[in-house]
Amino acid sequence: MIRFESVSKVYDGIAVVDDVSLTLERGTITAVVGTSGSGKSTLLRMVNRLVEPTAGRVLLDGTDTASVPAADLRRRIGYVIQDHGLFPHWTAARNIATVPGLLGWPRAAIDARVRELMLMLQLDPDVIGPRFPHELSGGQAQRVGVARALAARPEVLLMDEPFGALDPVIRQQAQTDLRKLQQQLGTTVMLVTHDMAEAIRLGDRIAVMRAGRIDQFAPPAEIIAAPATGFVADLLGEGDRAFRYLSLQPAARLARPGAADGPVLPADATMADALAEMIWSGRDRLPVAGPDGHPAGVCTRDDLIRAGRPG
């Protein structure tokens, strides 16, 4: 768990982070979103002490991080940045092995961990492992960066605009990979982004920052349904609120008795998935699977329209 207690950072008399108190629960993804200059990256870097607070405390599992030597603290915390920061003259496998090597892990344990993470991230260890960063695609390099950050089983993973340089298709896959990996490992993730759609897609909770302060801290559905300020509403985009709300809700929630033609929507399909399928297929109802994978009923266009009015 990460806790910020009345944390501020002042540069030349200007509070870049201004009296922020926030608790990030263990095993969750917290997305910190805001415009450029809102203080979100500064807040993140105070966790691993790349930036020292001017006032207040940052606690990791109840321990004040200021009481822990910076080098020891950073070995407990994974850190991923936008351009992945891989060592250019090391192979992908050696990059991933960096921190376990510094910690003195046995060679066999390092090799096993590198292989395990590469497989988790859909990187063939025998093909990608020997390649150098310039031989990797953007998506591959970013996944190697994530694997390196997770190699020593850190308690916390900090991610600063990790997918900003990726094209939209690769970016969406990278987000999916991160979500699955976090669920497998149970790592506490703090993710900084300027993209509200990314925050909604990934965050268990979202902290919206403006001018160094928190405008709202809540689960995505609450942010969408009841933005606390005009700034939060502007970040959401009024015209996108309904679709973003639907993207969080399972289509199976709307299942009602009945039958419909066509393939059955899988149990993990969202209401947004159902709406997209209706648009492309020209249908106004779809069969929907329940948790057991068997048809649970139908989802109708009218029900989706009603569901898209969260506020």
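Give me a comma-separated list of calculated 3J(HN,Hα) values for region 189-196, in order, Karplus coefficients 6.51, -1.76, 1.60 applied at θ = phi - 60°, integers in Hz, x for any Gly or Pro.
Each residue of region 189-196 in turn: 10, 10, 10, 9, 8, 9, 9, 4 Hz.
What is the set of long-range amide H partners of Ala226 at a cut-off below 5 Å, with H atoms built 1.01 Å from backbone N?
none
Tell me the label-point distance for the pair Asp126, Trp90, using the 7 Å Cα-to-Cβ offset, in nm and rounded to one decimal.
2.5 nm
Grab the Cα-Cα distance for Ala211 and Met1, subtract it from 0.36 nm times how many residues apart they are, and report the gain in nm with one decimal.
Once the chain is fully extended between Ala211 and Met1, it gains 73.1 nm.
First check a/c for region 1-136, with a ≥ b ≥ c the square roots of the eigenvalues of its C-alpha gyration tensor; if it is under 1.5, answer rounded, and if not, answer prolate when a/b is larger than b/c or oblate otherwise.
In terms of gyration-tensor shape, prolate.
With angles folded into 0 to 90 degrees, how steeply does helix 271-281 sit against the dominant principal axis of the chain? Use alpha carbons for both and round to 10.
Roughly 50 degrees between the two axes.
With a/c under 1.5 counting as rounded, go ahead and sort region 195-265 into rounded, prolate or oblate using the C-alpha gyration tensor (a ≥ b ≥ c being the square roots of the eigenvalues; past the cut-off, prolate if a/b is larger than b/c, else oblate).
Prolate is the answer for region 195-265, as a/c is 1.5 or above and a/b outweighs b/c.
Considering Cα pairs under 8 angstrom that are at least six residues apart, work out the relative contact order of the chain and quote it in whole percent.
Rounded, it is 18 percent for the chain.
Enter the Cα centre distance for the pair region 1-78 and region 161-183, rounded to the nearest angstrom.
So the separation of the two Cα centres works out to 23 Å.
log10 I(q)/I(0), Debye, Cα-only the chain, no solvent, q = 0.11, 0.12, 0.15 Å⁻¹?
Reported log10 I(q)/I(0), two decimals: -0.77, -0.89, -1.20.
Test of understanding: what is the full-extension gain from Thr54 to Glu155, defined as 0.36 nm times their sequence separation minus their Cα-Cα distance?
Separation in residues times 0.36 nm, less the Cα-Cα distance, equals 33.9 nm.
When only DSSP loop residues count, what trypsin sites (Lys or Arg not before Pro) in region 191-284 have their Cβ near at most 15 other Cβ atoms within 10 Å?
Here the sparse-neighbourhood loop sites are Arg283.
Label His134 and Asp12 with points 7 Å out from Cα along Cα→Cβ: what is the distance between them in nm?
My value for the distance between the label points is 3.7 nm.
Ranked highest first by the average count of other Cβ atoms within 10 Å around their residues, in what order do 138-151, 108-121 fall?
Top of the packing list down: 138-151, 108-121.
Show that you can apply the helix-only estimate: for the chain, add -39,500 (n - 2.57) for every DSSP H stretch of four or more residues, divide by all residues, and state [θ] at 222 nm to the nearest 500.
Calculated from helices alone, the mean residue ellipticity at 222 nm is -10000 deg cm²/dmol.
Out of the total accessible area of region 246-290 (probe 1.4 Å, heavy atoms of protein only), what percent is carbon and sulfur?
That fraction is 56 percent.
Where only protein heavy atoms count, and the probe is 1.4 Å, what is the accessible area per residue for the chain in Å²?
Value for the chain: 46 Å² per residue.
Measuring from a point 7 Å past the Cα of Arg26 along Cα-to-C-beta, which residues in region 1-16 have an amide N at less than 13 Å?
1-3, by backbone N distance to the label point.
If amide hydrogens are placed 1.01 Å from N in the peptide plane, which non-local residues have theirs closer than 5 Å to the one on Arg210?
Residues meeting the criterion, in which the H sits 1.01 Å from N, are Asp215.
What shape does region 104-226 take by its C-alpha gyration tensor, where a ≥ b ≥ c are the square roots of the eigenvalues and a/c under 1.5 counts as rounded, a/b above b/c as prolate, and the rest as oblate?
Prolate, because a/c is 1.5 or more and a/b exceeds b/c.
If you stretched the chain out fully between Arg253 and Trp280, how much longer would it get, using 0.36 nm times the residue separation minus the C-alpha to C-alpha distance?
Length gained, Arg253 through Trp280: 7.6 nm.
Take peptides 51-57, 246-252 and line them up by average Cβ neighbours within 10 Å, highest first, as a rough protection proxy.
Going by the mean number of other Cβ atoms within 10 Å, highest first, we get 246-252, 51-57.
The values are calculated or read from the model by the stated rules, or taken from the named source; none is laboratory data. Every value quoted in this text rests on a predicted model; they were computed, and no experiment measured them. Quick reminder, even Gly has a Cβ in these numbers, built from the backbone with ideal geometry, and neighbours come from all protein chains shown. Keep in mind that these areas ignore ligands, DNA and RNA; they rest on the heavy atoms of the full protein, side chains included. Shrake-Rupley method; radii C 1.70, N 1.55, O 1.52, S 1.80 Å.
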